[in-house]
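Colleague: Could you have a look at this structure, given as structure tokens, before my questions?
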Amino acid sequence: MAPIDLIIDTDPGADDVVALLLAMASPNELNIRAITTVAGNVSLDKAARNARLAREWGGREEIPVYAGAPAPLQRSPVYAQDIHGDEGLPGVEVYEPRKGLAEGSAVRYLIDTLGSAEPHSITLAMLGPQTNLALALLQAPEIVRGIKEVVVMGGAHFNGGNITPVAEFNLFADPHAAEVVMGSGVRLTYLPLDATHQVLTSEARLAQLRALNNSASQRVVAILEAYIKADMTRYDLPGGPVHDACVIAWLLRPQLFEGRRIYLQVDSREGPTFGQSIADWHGALQQPANVTWIARADAQGFFDLLSARLARLM
Ligand code: BDR
Ligand code: CA
């Protein structure tokens, strides 16, 4: 099969970096056209630097990294230092990468690339707030034609929220952007906390990664060991989730996941349910399905895939 033409939109972020490394280690299946960055876990400049660091660690400096929106569509940025640390990358040394950013904004890149692409040819992996894609769609709605599919890490239904009792971080950070993307009619798949909280680290799984003994695996283990602590304590989990890497795993091995087409709405009204995903799993609202909602994941299958791919890196 021809590789998937892919743009990764991201706010690195510990789990974003694991996702980027998994993607960069999979060139036979994924043709990464660009990495576009957005304010989310950390400010835009830190997210863009961390994406460039991940690119350097993945040995893929030919992939352009663009910086996009410094803030959500309508609100001030909400950062997640409590989970990802002040630099957005806990457990490892953070420094200025060798190679700089690509020129021009991520939003312009999305408009130009999707606007000139073959119909339904490009997949987008959305690993943070969906601001960049929303801005591109608002400025040039016709670009929807170039998109094959949008795969989002976001939302929570069977699992509670992780930034409020009901909201997941990426949707809470910019629900208006999620609404724009959803309203565009693009084909959507959501990997919510329902699935990502099943894909947890364990001592054995970290040992499996550590045994690869290359720089990439050492970095991933160092990042994960530092990053998972907050979630394990807060949610009393036996291990930590690696949310964003599930999006890449889904693109590589969809058979590791189970879900179904449902109707989804995002709440963007101010109040206690701000940012909540209303996932109509049982079809109570009798609305046409607009997303594939992933509810189950094979955790060991995920870690076997991650190990096999990281083993290919330096
Ligand atoms: C999502 O929020 C961020 O903190 C993570 O990188 C992930 O994209 C999980 O809710
Ligand atoms: Ca993220």
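Each value in this text was obtained by applying a stated rule to the coordinates, not by laboratory testing. What you see is a predicted model; the values in this text were computed from it and never measured. Cβ placement follows ideal geometry from the backbone for every residue including glycine, while neighbour counts extend to all protein chains displayed.
Colleague: Would you list TRP293, TRP250, TRP281 from fewest to most Cβ contacts within 10 Å?
Modeller: TRP281, TRP250, TRP293
Colleague: Dimensions of segment 220-303 along principal axes (Cα, Å, largest first)?
Modeller: Computed over the Cα atoms, the extents are 45, 35, 18 Å.
Colleague: Which shape class, rounded, prolate or oblate, goes with segment 1-153 when its Cα gyration tensor gives a ≥ b ≥ c as root eigenvalues, a/c under 1.5 marks rounded, and past that a/b bigger than b/c marks prolate?
Modeller: Since a/c reaches 1.5 but b/c is at least a/b, the shape of segment 1-153 is classed as oblate.
Colleague: Determine, for each peptide in 160-170, 85-95, the mean count of other beta carbons within 10 angstrom over its residues, then list the peptides with the highest first.
Modeller: 160-170, 85-95
Colleague: Show me, for segment 280-285, the HN-Hα J-couplings you get by feeding each phi into the Karplus relation (A = 6.51, B = -1.76, C = 1.60, θ = phi - 60°), rounded to Hz, glycine and proline as x.
Modeller: Result, rounded to whole Hz: 8, 4, 9, x, 5, 7.
Colleague: How big is the antiparallel share of DSSP beta bridges in segment 70-215, given as a percent to the nearest 5?
Modeller: Once the DSSP bridges in segment 70-215 are tallied, antiparallel ones form about 0 percent.
Colleague: As an exercise, take the mean of 1/r over every pair of distinct alpha carbons in segment 134-245, invert it, and state the Kirkwood radius in angstroms.
Modeller: Radius from the Kirkwood sum: 16.0 Å.
Colleague: Whole Å is fine, so just give me how far the alpha carbon centre of segment 1-43 lies from that of segment 57-85.
Modeller: Here the two parts' Cα centres lie 12 Å apart.
Colleague: I've got another one for you. I'd like to know how the chain sits against the 2.2 N^0.38 Å rule of thumb: what's its Cα Rg over that expected value?
Modeller: This ratio for the chain stands at 0.90.
Colleague: PRO175: net charge of surrounding residues, Cβ under 15 Å, Lys/Arg +1, Asp/Glu -1, itself excluded?
Modeller: Every neighbour counted, the sum reads -3.
Colleague: Looking at the chain as a GNM with Cα springs under 10 Å, which of ASN31, ASN50, ASN132 has the largest mean-square fluctuation?
Modeller: Looking only at ASN31, ASN50, ASN132, the biggest GNM fluctuation is shown by ASN31.
Colleague: Let me ask you something else. At 7 Å along the Cα-to-beta-carbon direction for both ALA207 and GLU118, put a label point, then send me their distance in nm to one decimal.
Modeller: My value for the distance between the label points is 4.7 nm.
Colleague: Continuing with the same structure: For the chain, what does the relative contact order come out to in percent, with C-alpha contacts under 8 Å and a separation of six or more?
Modeller: 20 percent.
Colleague: Rounded to the nearest 500, what is the chain's calculated 222 nm mean residue ellipticity when only DSSP H runs of at least 4 contribute -39500 (n - 2.57) each, over all residues?
Modeller: About -11000 deg cm²/dmol.
Colleague: Next question, about the same structure. To make sure I understand, if each residue's beta carbon is the centre and we count other beta carbons within 10 Å, what order do LYS229, LYS148 fall in, fewest to most?
Modeller: Result, fewest neighbours first: LYS229, LYS148.
Colleague: For the chain, modelled as a GNM with alpha-carbon contacts under 10 angstrom, which of ALA173, ALA67, ALA80 fluctuates the most?
Modeller: ALA80
Colleague: Now, a different point. Taking only Cα atoms and a 10 Å spring cutoff, compute GNM fluctuations for the chain and point out the largest among GLU179, GLU149, GLU62.
Modeller: Taking springs between Cα atoms under 10 Å, the residue moving most is GLU62.
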